[in-house]
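Structure first, then comments.
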Protein chains: 2
Amino acid sequence: MALKAKVLYDFHSENQGEISITENELVTLFSEEELEGWLEGENSRGETGLFPASYVEIIRDHITTNTNNNSFSSPKTRAVPATQSAQRGLGAGSGGSSFNTSQGSDDDWDDDWDEGSAAADVPRGLGSSPPLYPVTTSLPGRRGSSQQAKGSATVGRNLNRFSTFVKSGGEAFLLGEASAFVRDGDRICVVMGKHGPEWQEDPYPFTCTIDDPTKQTKFKGMKSYMSYGLTPTHTSVQVNRRYKHFDWLYARLVERFPVISVPHLPEKQATGRFEEDFISKRRKGLIWWMNHMSSHPVLARCDVFQHFLTCGADEKAWKQGKRKAERDELVGANFFLTISTPAVPLDLQEVESKIEGFKTFTRKMDENIVVVNATINEFARKQMAGFKKEYQKVGQSFRILAQAFELDQQAYSVGLNKAIAYTGEAYDAVGDYFAEQPRHDLDPISDLLDLYRGHLSNFPDIIHVQKGALTKVKDCSKQETELHDRCNIISCATLAEIQHFHRTRVRDFRLQMQQHLRQQIGFFQKITAKLEDALQRYEDDR
Amino acid sequence: MALKAKVLYDFHSENQGEISITENELVTLFSEEELEGWLEGENSRGETGLFPASYVEIIRDHITTNTNNNSFSSPKTRAVPATQSAQRGLGAGSGGSSFNTSQGSDDDWDDDWDEGSAAADVPRGLGSSPPLYPVTTSLPGRRGSSQQAKGSATVGRNLNRFSTFVKSGGEAFLLGEASAFVRDGDRICVVMGKHGPEWQEDPYPFTCTIDDPTKQTKFKGMKSYMSYGLTPTHTSVQVNRRYKHFDWLYARLVERFPVISVPHLPEKQATGRFEEDFISKRRKGLIWWMNHMSSHPVLARCDVFQHFLTCGADEKAWKQGKRKAERDELVGANFFLTISTPAVPLDLQEVESKIEGFKTFTRKMDENIVVVNATINEFARKQMAGFKKEYQKVGQSFRILAQAFELDQQAYSVGLNKAIAYTGEAYDAVGDYFAEQPRHDLDPISDLLDLYRGHLSNFPDIIHVQKGALTKVKDCSKQETELHDRCNIISCATLAEIQHFHRTRVRDFRLQMQQHLRQQIGFFQKITAKLEDALQRYEDDR
């Protein structure tokens, strides 16, 4: 059966290769695969060509699915893998389909462990509990069926239905459309700290180690994958996870927390994923990721992450937790329902100025770490090639000096000849040290910068949500206390997240710079020791 | 009056631009200045063009002067300044003119200190004591007037009158033509050491320091020159010398000692001789030179060097010593008269094999130090440009990271911002250290290699003298005991000089390599200290 999609909005073709489509029209898709946000298909007039994927919903077994999992992410996302930035852009309710699109390119998801869990792929809309805030409620044609917010009489909706403010659930929450049962355990506190709103600290902080991954096979060796042993300190029990599980978790977190910067996973890679370099790089990336996860007061405590960290080899338990997470009601707009704010509401003007300052900060930081990253990568390359070569050329030249001198084998010459030859070898070794070193003290900085570029690419969307709320509040009359309260909640959460970003940034960069300098010091001491060793040969010989 | 020259040998022009000249013909010179061993002039047939400078004697105030101060030096001399290799090629008796030609391009010789000493420029042939072995005695037309050697009946003369063997006086000595009064104090002993013949050690060894030169002026500031304060340890009295005095001394030593490798002076330079870099380089070169002079058992003790080292500001005493040196009879062939050999004569075959081995050694050493020199000069260049730049780019990138971070001025950020900025500065400093370093540990090696390239360019001539003697002895009948004895003297002296070369080489290279390594160690320690300093900034801030 040909794949069909329902057109959500009019689109007028402007360029060759595009076709015009009209709202409510049914189009035939040639493939489900998007190409940079475009789909190819045939419209009802028999024209074939491209149209924006976000303008249609795919019709699948009578279920419509919004294909819009690509990005209203900011131009800042250039450094971020396309699939990750796409996930970032995901609003609430599209869990199932985001999940579909985030797999396949790397690990295989369709293994025995997950077989029979097809229910997870069915959007919540058909599950036992109807979604409180499915993305489709924001579609103009269907809005009538959703609860009408109190504030909607005076406060208009955003015209851009794909703005992050709308997609994240920020608008719905602000307009009072969010509603869910919030247990005490789900409550997230923002407290007033010395530097402004902060996430309340995790009373039971933990860390998590990641072992070297092991290669596992299944289907009698026909398929293989890498398995990571994770051991969280609060259970001390190792669990085994694959990259695709991280990926699944990531997708859950992104939809769950609209104004929290979920750290990006290390890059996917289609080929060579069993190669040593890649495995080592991915592991280091996952360690950084885990480190950011477990040190975030909100992320670290959330159910889905805890399930991921603690669920053992019991398949049934895993599947239960997995389904529970996929049906979690407290996603998107409802996330804001879980937030408790400090007693005194924030001054909105002050918030605005802080947010503006942070925007400037992130822009500058993003610009500058691009330069830093390019420089240290170039420096690494130079050390591995040029520096090594130069030291080894000197080593070689000392060796040929020794070779000439060896033609004189008088007793008093021999010691010098050997010492000079040894000096040549010492220089060779120094060359090797230079080539080895970047792995130890430049690559980690580069990894850190990558992680932060991921965060920086998250923040435009986060800021967008807060700004959307602020704009709405400014537009409305003074009496809208509840609107103000809800805006205060969004602002508190945003500022708490910004504060957390700064804290983490200062901690990470301090540690990494110290680590870098310690490594460099060790490196130069190693060179010194080698040269002292060479020097000793001359003195032994006296 | 046009400058004339008397033709010593027939020369048949073979190329365009050359003219043929005939023995005893008078030719008119257009200039006294040689161009790579050629003079330009007009022959008696009115043809004008080039002819070899060594084939004529310039007639100056009724005095004929052999202009042959250019070189039959080996192809090995390529690295040596032309004037120095020319001086090396000088035989006995041409002191005055060699002296004339070795000046002018660098220091001015014609100053008050030497005014009125024109007598020194008059060849010894016209002095009060007739020369025992002027170079002209070897000219075919005039040989009749010199003493006929006993051996000359059975042993033929070399056909190539410009071979080093002939020019050095080696042939004349071997043929028994040398004769001079040798005082006990002039006697030079070759003793049999553990490794073969050696120069007897100087019983009163000394060293000599060279102060930073000072700029002196004369003629009311119209002329200026650099004066070096020399303080030999055996007198502890400082004397002041100019480069031209070194140059003069060098010329004396070269003619005095046919089989001793007189260290080459640091290079001459026509312009920029008051520039700091040049002065510093020359001073270092002179220190090396002085070091080689004072550690050579024969050179260190010889009269002319002692006069140079000890004669104070008394002009009269200086001039007396200067003239005495220029009229020294124990030059060239007569030098060999001063040598005492060990009681047991050397086995000539063994000598031949040793000399062959040494020839191979010098060739290899010369080849390889060219490579070493090129490599370390390139390495120095890389450190001063590329390495410095790379470290400073990293420094710069850390500084711009700090600049971005400085946009966040929360209390807990400030320390990190400062520490990162300081790390940037530390990297800048490391870049500067790299640029500074080659002066301390690569340039000295390069200077040493230059000095040794000078020695290596001396040895082909030295070996030539010994080989010439050996060939003569092989050609003659067994009964020629005196010829054998004299060949033994030449062989002993040559092997003693080779032994001295090896000793000095092992000493110098050991010291210099140690010095290099110590400097490198200090350098890397300095970097380590700087980075430790930077690291401290992060820890202070906790």
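The values are calculated or read from the model by the stated rules, or taken from the named source; none is laboratory data. Because the structure is predicted, anything quoted here is derived from the model rather than measured. So basically every Cβ, Gly included, is an ideal-geometry build from the backbone, and we count neighbours across all protein chains shown. All accessible areas refer to the heavy atoms of the entire protein, side chains included, with ligands and DNA or RNA removed. Shrake-Rupley method; radii C 1.70, N 1.55, O 1.52, S 1.80 Å.
For the range A:397-510, the helices (runs of 4 or more DSSP H) that sit wholly inside it and include 2 or more residues that are in contact with a helix residue (DSSP H, G or I) (Cβ under 6 Å, 6 or more places away or on another chain) and within 22 Å of A:Phe257 (Cβ to Cβ) are A:443-475. Kindly indicate whether any position in the range A:511-533 is of a type in the set (A, V, I, L, M), in a helix (DSSP H, G or I), under 21 Å from A:Leu299 (Cα atoms) and out of contact with any Gly (no Cβ under 6 Å at 6 or more places or on another chain). Within the range A:511-533, none of the residues are of a type in the set (A, V, I, L, M), in a helix (DSSP H, G or I), under 21 Å from A:Leu299 (Cα atoms) and out of contact with any Gly (no Cβ under 6 Å at 6 or more places or on another chain). When B:Ala385 is tested against (1) more than 9 Å from every other protein chain (Cβ to nearest Cβ); (2) open to solvent by less than 30 Å² (accessible area, probe 1.4 Å); (3) among the hydrophobic types (A, V, I, L, M, F, W, C), just one condition goes unmet, and that condition is (2). Residue count for the range A:194-233 under the criterion of being outside any strand (DSSP E or B) and touching a strand residue (DSSP E or B) at 6+ places or on another chain (Cβ under 9 Å): the result is 8.
Exactly one residue out of A:Glu276, A:Glu267, A:Glu255 is at pLDDT below 95 and under 18 Å from A:Met290 (Cα atoms), and it is A:Glu267. None of A:Lys526, A:Lys474 is open to solvent by 10 Å² or more (accessible area, probe 1.4 Å) and at the interface with another protein chain (Cβ under 10 Å from one of its Cβ atoms) except A:Lys526. Scanning the range B:388-397 for residues that are within 7 Å of chain A (Cβ to nearest Cβ) and touching a residue at least 12 places away in the same chain (Cβ under 8 Å) yields B:Glu390, B:Val394, B:Ser397. Every condition in (1) more than 30 Å from A:Glu390 (Cα to Cα); (2) crowded, with 20+ Cβ neighbours inside 10 Å; (3) within 24 Å of the chain's Cα centre (by Cα) holds for B:Lys359 except the one numbered (2).
I need the full set of residues from the range B:160-174 which are part of a loop (DSSP other than H, G, I, E, B) and buried (at least 21 other Cβ atoms within 10 Å of the Cβ), in order please. Let's see the steps before the verdict.
Step one: of the range B:160-174, the residues part of a loop (DSSP other than H, G, I, E, B) are B:160-163, B:168-169.
Answer for the range B:160-174, where residues must be part of a loop (DSSP other than H, G, I, E, B) and buried (at least 21 other Cβ atoms within 10 Å of the Cβ): B:Ser168, B:Gly169.
In the range B:1-30, the residue that is modelled with the highest pLDDT out of those that are farther than 10 Å from B:Val56 by Cα and open to solvent by 70 Å² or more (accessible area, probe 1.4 Å) is B:Phe30. Looking across B:Ile369, B:Ile355, B:Ile339, B:Ile376, one residue alone is within 14 Å of chain A (Cβ to nearest Cβ), over 30 Å from B:Tyr433 (Cα atoms) and among the β-branched types (Val, Ile, Thr). It is B:Ile355.
Report yes if A:Val262 is outside the structural domain of A:Ile355 (by TED's automatic domain parsing), part of a loop (DSSP other than H, G, I, E, B) and surrounded by 14 or more Cβ atoms within 10 Å (Cβ to Cβ), otherwise no. Yes. Note on the range B:398-420: among residues that are under 59 Å from the mean Cα position of the chain (by Cα) and open to solvent by 10 Å² or more (accessible area, probe 1.4 Å), the one that is nearest to A:Ile498 (Cα to Cα) is B:Gln403.
State all residues of the range B:529-541 that are touching a residue at least 60 places away in the same chain (Cβ under 8 Å), open to solvent by 10 Å² or more (accessible area, probe 1.4 Å) and at the interface with chain A (Cβ under 8 Å from one of its Cβ atoms); if no residue qualifies, say none.
Within the range B:529-541, the first condition is being touching a residue at least 60 places away in the same chain (Cβ under 8 Å), and the residues that meet it are B:530-531, B:533-534, B:537-538, B:540-541.
Now drop any that are not open to solvent by 10 Å² or more (accessible area, probe 1.4 Å), which leaves B:530, B:533, B:537, B:540-541.
If the condition is that a residue be touching a residue at least 60 places away in the same chain (Cβ under 8 Å), open to solvent by 10 Å² or more (accessible area, probe 1.4 Å) and at the interface with chain A (Cβ under 8 Å from one of its Cβ atoms), then B:Asp541 is the only one that fits.
Within the range A:492-522, which residues are more than 9 Å from chain B (Cβ to nearest Cβ) and in contact with a His (Cβ under 8 Å, 6 or more places away or on another chain)? Scanning the range A:492-522 gives A:His500, A:Phe501, A:Thr504, A:Gln519. Filtered by the rule that a residue be among the polar types (S, T, N, Q) and more than 10 Å from chain A (Cβ to nearest Cβ), the range B:410-445 gives a lone residue, B:Gln437.
Going by the structure shown, is A:Arg518 free of Cβ contacts under 8 Å to residues at least 40 places away in the same chain, among the charged types (D, E, K, R), open to solvent by less than 50 Å² (accessible area, probe 1.4 Å) and farther than 15 Å from A:Leu175 by Cα? Lay out the reasoning, then the answer.
Values: free of Cβ contacts under 8 Å to residues at least 40 places away in the same chain: yes; among the charged types (D, E, K, R): yes; open to solvent by less than 50 Å² (accessible area, probe 1.4 Å): no; farther than 15 Å from A:Leu175 by Cα: yes.
When the stated conditions are applied, A:Arg518 does not pass them.
Residues in the range A:187-206 include none that are over 21 Å from A:Arg503 (Cβ atoms), at pLDDT 85 or above and open to solvent by less than 20 Å² (accessible area, probe 1.4 Å).
Among the residues of the range B:1-60, those identified as among the charged types (D, E, K, R) and in a strand (DSSP E or B) are B:Lys4, B:Lys6, B:Glu18, B:Glu40, B:Glu42, B:Glu57, B:Arg60.
Sort through B:Ala333, B:Ala313, B:Ala343 and tell me the only one that's touching a residue at least 60 places away in the same chain (Cβ under 8 Å) and either part of a strand (DSSP E or B) or open to solvent by 40 Å² or more (accessible area, probe 1.4 Å) (or both).
Values: B:Ala333 fails: either part of a strand (DSSP E or B) or open to solvent by 40 Å² or more (accessible area, probe 1.4 Å) (or both); B:Ala343 fails: touching a residue at least 60 places away in the same chain (Cβ under 8 Å).
Answer to the selection: B:Ala313.
Taking the conditions (1) buried (at least 19 other Cβ atoms within 10 Å of the Cβ); (2) within 20 Å of A:Arg453 (Cα to Cα); (3) in contact with a helix residue (DSSP H, G or I) (Cβ under 8 Å, 6 or more places away or on another chain) in turn, A:Lys284 satisfies each one other than (1).
Answer yes if at least one residue in the range B:301-311 is within 30 Å of B:Ser227 (Cβ to Cβ) and touching a Phe, Trp or Tyr at 6+ places or on another chain (Cβ under 7 Å), and no otherwise. Quick ask: steps written out before the conclusion?
Start the filter on the range B:301-311 by keeping residues that are within 30 Å of B:Ser227 (Cβ to Cβ), which leaves B:301-311.
When the remaining residues are screened for being touching a Phe, Trp or Tyr at 6+ places or on another chain (Cβ under 7 Å), the result is B:311.
Taking every residue of the range B:301-311 in turn, at least one turns out to be within 30 Å of B:Ser227 (Cβ to Cβ) and touching a Phe, Trp or Tyr at 6+ places or on another chain (Cβ under 7 Å).
Is there a residue in the range B:494-514 that is more than 21 Å from B:Met365 (Cα to Cα) and buried (at least 23 other Cβ atoms within 10 Å of the Cβ)? Can you show your working first?
Filtering the range B:494-514 for residues more than 21 Å from B:Met365 (Cα to Cα) gives none.
No, that holds for no residue.
Looking at the range B:290-297, is at least one residue more than 19 Å from B:His234 (Cβ to Cβ), open to solvent by 20 Å² or more (accessible area, probe 1.4 Å) and assigned to a helix (DSSP H, G or I)? So far as the range B:290-297 goes, no, none of its residues is more than 19 Å from B:His234 (Cβ to Cβ), open to solvent by 20 Å² or more (accessible area, probe 1.4 Å) and assigned to a helix (DSSP H, G or I).
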